[in-house]
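Bear in mind that the values in this text are calculations on the coordinates, not laboratory data. These numbers come from a predicted model, not from an experiment. Backbone-built Cβ (ideal geometry, glycine too); neighbour counts: all protein chains shown.
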Amino acid sequence: MNLNDEINKRKTFAIISHPDAGKTTMTEKLLLFGQQIRSAGTVKGKKSGKFATSDWMEIEKQRGISVTSSVMNFSYQGYYVNILDTPGHEDFSEDTYRTLTAVDSVIMIIDATKGIEAQTIKLFKVCKMRGIPIFTFINKLDREGRDPFELLEQIEEVLEIETYPMNWPAGMGKRFLGIFDRYQEQFVRFKGNEEEELIPYDTLDHEQYHDLTKQATYQETEEELALLDEAGDPFSMERVLKGEQTPVFFGSALAPFGVETFFKTFVEMAPNPKPRKTTDALIQPEHEAFSGYIFKIQANMNPAHRDRIAFLRVCSGRFERGMTVKLTRNEKTIKLNQTQQFVASARETVEVAYPGDIIGIYDPGYYRIGDTLTDGKELIQYDELPQFPPDLFKRVTAKNVMKAKQFKKGLEQLVQEGAIQLFTGHPYESLILGAVGELQYQVFEHRMKHEYNVEVSLESIGERIPRWLDEETVDVNLFDDRNMLVKDREGQFLVLFKNQFALNWFADKHKEVRLIDLFDVN
Ligand code: G4P
């Protein structure tokens, strides 16, 4: 098979959601379709006591969650699917953001009973800023949820994106009859534990329900559909691919109901691997020469071996195990023998990989996040991964001053690896860590102790709103203790505002100062 065919088969995406919205249940159903697992419950671990096989680290085991995003892949309907798992909420870390740089689309799962929740907004901002197409699945239709129109309105308002309902529910909870599949023009009838029934629109008997309540629900839904046809935005694939419109599917991951129709449509519509920007060009996936970049480095995936794995997204050409590659940053030549792909149940050696695929490479300490690897014939450097603004800050010191050397080494390495961000106070040079989730601190503490033999003290500064300063517009002496002034690793000044009020107050008082929100500039 040639390179083009392989690229056209690839669908690389992440599933994002608020915890408990149903991401694990959905992932499990997709793996069942891909025949990667035989029964439900294999991926899930939280409450059943079984651990998901993607839970590598000790902390993951203790908490029964996936700290770091894992990757799953399988064939489905002639496509080759790569799912990048992302943790959410308190288990959120910069890895979650970085993972989104390695996907071509995302599936956003929303709980119909709750609507959009805070964490979804953060993840969404990253998708938006990167123009990633978003497919929405509104889950738990078997429960009494919020009004579907209301849910759409909320998505449009909060996330500033157009919605296009690909299907529409007839009732919810106890009154749930099924969904009208507007795309395939069929009614999918919900039959409880039995398999769903597909009835094409042209053979649909509109007087089908003898039960009057059911018939009323059905008719109400037909009216809603007419309203949607008339007043809704038209479907536009072009807008979907630009991240300006999200196709919305309703269903239940648990039942499961509407999941297969959703996934079939998703794999058809979701974009193939896209070209990637380097510092001075755009590299097409069809480009013959192999290239890729590292978006994540994970240590200690296997506690017995203490190995590190660098996750690489293949961007162009064909990867073969054993090939010699060049690391652009230092022009080091490396033979890649130990490469892995990740399936639900195990790591497997990968022999070949194509654009869109994610491979894990053994890292003896060579790599950094954002590194580019090529086949060595031409040296290119993919654009730096954006720096994501942290919002939880803590002062860090070593508990035992005698361990200053190990402390410094561990801190330096973990920061370089992208596990956590480091800032220095100004004018007093205290060390301040920044993270996007509490879990990053737990991982940091754990790794400092187990890998560098240093116990650390963390003193919370709390949640802050960081704004970088355009130094040409500001005198750093303006800042008092209430709003902390710190420097990032590049020596750029930023202010850690205590809250939105403090930020607004400052911005108002010092209109001449340009404050930069990294979410806006990336
Ligand atoms: P997450 O990965 O996004 O955190 O969510 P997860 O799939 O673990 O689902 C969270 C809870 O919601 C689970 O229940 C799950 O069974 C339930 N759920 C998922 N999809 C649906 C759905 O379509 N309908 C309904 N009614 N429930 C759904 P739990 O009680 O927290 O866990 P468990 O005891 O069932 O494992």
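Cβ-Cβ contacts under 6 Å between residues 6 or more apart (or on different chains), taken from a first residue in the stretch 140-158 that is within 19 Å of Cys127 (Cα to Cα) and in contact (Cβ under 8 Å) with a residue 12 or more places away in the chain to a second residue that is within 16 Å of the ligand (Cβ to nearest atom) and outside any helix (DSSP H, G or I), are listed as Gln154/Gly115; Gln154/Ile116; Val158/Ile116. Of all the listed residues (Asp181, Asp111, Asp142), the sole one being within 16 Å of the ligand (Cβ to nearest atom), of a type outside the set (Lys, Arg) and surrounded by 21 or more Cβ atoms within 10 Å (Cβ to Cβ) is Asp111.
Every residue, every condition in (1) closer than 30 Å to Phe444 by Cα; (2) of a type in the set (Asp, Glu); (3) assigned to a loop (DSSP other than H, G, I, E, B), yes or no:
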| residue | (1), (2), (3) |
| --- | --- |
| Thr96 | yes, no, no |
| Met108 | yes, no, no |
| Thr113 | no, no, yes |
| Thr120 | yes, no, no |
| Phe137 | no, no, no |
| Leu141 | no, no, yes |
| Glu157 | no, yes, no |
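There is at least one residue in the stretch 243-251 that is assigned to a loop (DSSP other than H, G, I, E, B) and farther than 22 Å from Met129 by Cβ. Of the residues that sit in the stretch 9-30 and are assigned to a helix (DSSP H, G or I) and more than 6 Å from the ligand (Cβ to nearest atom), which one is surrounded by the fewest Cβ atoms within 10 Å (Cβ to Cβ)? Only one residue tops the list, namely Lys9.
With respect to the conditions (1) hydroxyl-bearing (Ser, Thr, Tyr); (2) part of a strand (DSSP E or B); (3) out of contact with any Lys or Arg (no Cβ under 7 Å at 6 or more places or on another chain), Tyr293 falls short on a single one, namely (3).
When the stretch 252-288 is filtered for residues that are in a helix (DSSP H, G or I), among the β-branched types (Val, Ile, Thr) and over 21 Å from the mean Cα position of the chain (by Cα), only Thr261 remains. In this structure, does Glu223 turn out to be in a helix (DSSP H, G or I), away from the ligand (no atom under 16 Å from the Cβ) and more than 29 Å from Asp95 (Cβ to Cβ)? When the stated conditions are applied, Glu223 passes them.
Considering (1) under 31 Å from the mean Cα position of the chain (by Cα); (2) assigned to a strand (DSSP E or B), the lone condition that Glu153 does not fulfil carries the number (2).
Quick check on Ile432: is it within 13 Å of Arg395 (Cα to Cα) and β-branched (Val, Ile, Thr)? Criteria met by Ile432.
Just one of the listed residues (Val396, Val456, Val415, Val443) is β-branched (Val, Ile, Thr) and closer than 30 Å to Thr333 by Cβ, namely Val415. Going by what's in this entry, would Thr265 be described as away from the ligand (no atom under 16 Å from the Cβ), within 30 Å of Thr372 (Cβ to Cβ) and not small (Gly, Ala, Ser)? Spelling it out, it is not the case that Thr265 is away from the ligand (no atom under 16 Å from the Cβ), within 30 Å of Thr372 (Cβ to Cβ) and not small (Gly, Ala, Ser).
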